[in-house]
Each structure stands twice: as C-alpha cells, then as structure tokens.
Amino acid sequence: MNKPIALATNNKGKLAEYRAILAPMGFVIFSPADLNIESEPDETGANYRENSYIKAKALAAKVNMPVIADDSGLEVMALDGFPGLHSSRFASECGTYPKAYEELNRRLGDNPNRDARFVCCICYLETPESKPLYFEGICPGKLLKQAHGSNGFGFDPIFHSSEIDKDLGVAEEDEKNKISHRGKAIKKLEIYLAIQ
Ligand code: ITT
C-alpha cells in the first residue's frame, strides 16, 4: 500500500515506535527532519489534545500528506499527575534524564504510593482543513526508585509496567509497544485508517 504519513515530532524515540508499528501496515512515516522541514510550534495547549492539535496543524500547513502528532507524558499520581503535560520541559530543566529520575524520587520522598502512568494523545489530520481526530492510550505502572536498563527513551528506565510486570528499561521494543500508551493509541488509529 505504501501510504505516506508525516509525523509531527522531533523526538527520535517516538519516531522509532511509530515506524515499528505502522511500517508493517504499509505506512511510510516521514519526520519533519526527513522532509527538511522545521516544525516546532509552542506547545501552549491546556491538555494533551490541544498540544497534539497544535503540533499536527503546524506541520500539516507545510506538507502535502496526512499528518499525525503525538503529545504524551508521565504522570505520577502522588504528585498530582506531575510532570504530565510538562514532562519534556521538566526533563530539559533537570538537564539530563538521570537527573530528572532523581528529582522525581526526591519529590516523592518515602511516599508509599508510587503509582504512575504514561498518557498519549494522537491527533490525525487528513488535510490542514480536516476535522482533527484523536486517539488516546494509557499505560499504568509504578515509578521505580532507581533506573533499571536503558531500553526505550525518556522516562522508560524508571517505569515499571503493571500490565507486563516488567521494567520498561529492560523490555524489548515490541513488548513495550503492545502495552504502551502510544502503542494503544496507534492501534486505535490503525483501526480507523484500515476502514478508510
Ligand atoms: P515532540 O513534541 O517533538 O513530539 P517531545 O519529546 O517534546 O517531542 P512531548 O511534548 O509529547 O514530546 O513530551 C513527551 C515527553 O514525555 C517525552 O519527552 C518524554 O520525556 C515523556 N514520554 C512520553 N512518552 C514516553 C515513553 O513512551 N517513554 C518514556 N518517556 C515518554
């Protein structure tokens, strides 16, 4: 089939996961870098949906193919969902991911509630004028006291998935994709695309 889709992300980890899941379905995923385009709009939305739409809309104005965008984050329940929408910014402010892991654990202290989850919202725009469609997924788990492994990206090494009872830092890519927030959201998108 070879249907092209532009993915509005500058995050290589996300890009790899979209490719791994969508390439076998016949979709060819282009990042802004692949297309020699810069697209980094300010993520000023009040929630994941709004930010995913901001990113999709900005790229859709520059390309001639359907666009998807992904806004996601890590939510630590005992920290009222922090860093959530600001996960990427929080990691940058900490300087490195290992420092961000430490900072989350410092804020959590000895709170026994280590429940956490990853959240993902995909926005799909067939054309710049199309009605945006949203596909969401949640990955429940716990925040680890210490990073374990280096698979995945971002906060994966400090996250334990309840669904596979495994630390994501040591999970294989296909194991993560089956239960991840992104994997679940992409599955829903895939079903929509299959009936088009
Ligand atoms: P783009 O906006 O260019 O897509 P970004 O990394 O800034 O890249 P977000 O604004 O959606 O994307 O921030 C999501 C952050 O949440 C991401 O940078 C990670 O820190 C974290 N995150 C999201 N999904 C994750 C996953 O599957 N594994 C680990 N960390 C994840």
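The values are calculated or read from the model by the stated rules, or taken from the named source; none is laboratory data. A quick note: this is a predicted structure, and the numbers were derived from the prediction, not measured. Don't worry about glycine lacking a Cβ; one is built from the backbone with ideal geometry, like all the others, and counts go over all protein chains shown. Remember, those area values only see protein heavy atoms, side chains included, never the ligands or the DNA or RNA. Shrake-Rupley method; radii C 1.70, N 1.55, O 1.52, S 1.80 Å.
Magnitude of the charge dipole for the stretch 142-196, about its Cα centre and with charges confined to Cβ atoms of Lys, Arg (+1) and Asp, Glu (-1), is about 260 debye. Were the residues from Lys178 through Lys145 laid out at 0.36 nm apart, the gain over their Cα-Cα distance would be 9.5 nm. Taking square-rooted eigenvalues a ≥ b ≥ c of the alpha carbon gyration tensor, is the stretch 17-63 rounded, prolate or oblate, where a/c under 1.5 means rounded and, failing that, a/b exceeding b/c means prolate? Oblate.
Along the axis of the charge dipole computed for the stretch 40-116 (Cβ charges of +1 for Lys and Arg, -1 for Asp and Glu, origin at the Cα centre), the listed residues Pro66, His86, Ala100 are led at the positive end by Pro66.
The slack in the chain from Thr44 to Ser92, taken as 0.36 nm per residue of separation less the alpha-carbon distance, amounts to 15.6 nm. Straight-line cross-link reach from Lys3 at under 20 Å between alpha-carbon atoms covers these aspartates and glutamates, not counting any fewer than eight positions away in the same chain: Glu17, Asp34, Asp70, Glu126, Glu129, Glu190.
Among Lys57, Lys145, Lys62, Lys14, the order of accessible area from largest down is Lys145, Lys62, Lys57, Lys14, computed with a 1.4 Å probe on protein heavy atoms.
For the chain, the per residue solvent-accessible surface stands at 50 Å², with DNA, RNA and ligands left out and a 1.4 Å probe.
Heavy-atom accessible area, probed at 1.4 angstrom with all protein chains present, ranks Glu40, Glu75 as Glu40, Glu75, highest first. Here the contact order of the stretch 46-196, divided by its residue count and restricted to Cα pairs under 8 Å and six or more residues apart, works out to 20 percent.
Across the protein chains, with a 1.4 Å probe defining accessible surface, the residues Thr44, Thr127 rank Thr44, Thr127 from largest area downward. Only the Cβ atoms of Lys and Arg (+1) and of Asp and Glu (-1) were treated as charged; on that basis the dipole of the stretch 1-86 about its Cα centre amounts to roughly 420 debye. Going by the alpha-carbon gyration tensor, a ≥ b ≥ c the square roots of its eigenvalues, is the chain rounded (a/c under 1.5) or, if a/c is not under 1.5, prolate (a/b greater than b/c) versus oblate? In terms of gyration-tensor shape, prolate.
Fully extending the segment from Val170 to Lys131, taken as 0.36 nm per residue of separation minus the present Cα-Cα distance, adds 10.2 nm. The heavy atoms of Ile54 present about 40 square angstrom of accessible area, all protein chains included, probe 1.4 Å.
Taking 22 Å as the cut-off for C-alpha to C-alpha distance, list the pairs among Lys142/Lys176; Lys62/Lys187; Lys55/Lys131 that go past it. Flagged as over cut-off: Lys62/Lys187.
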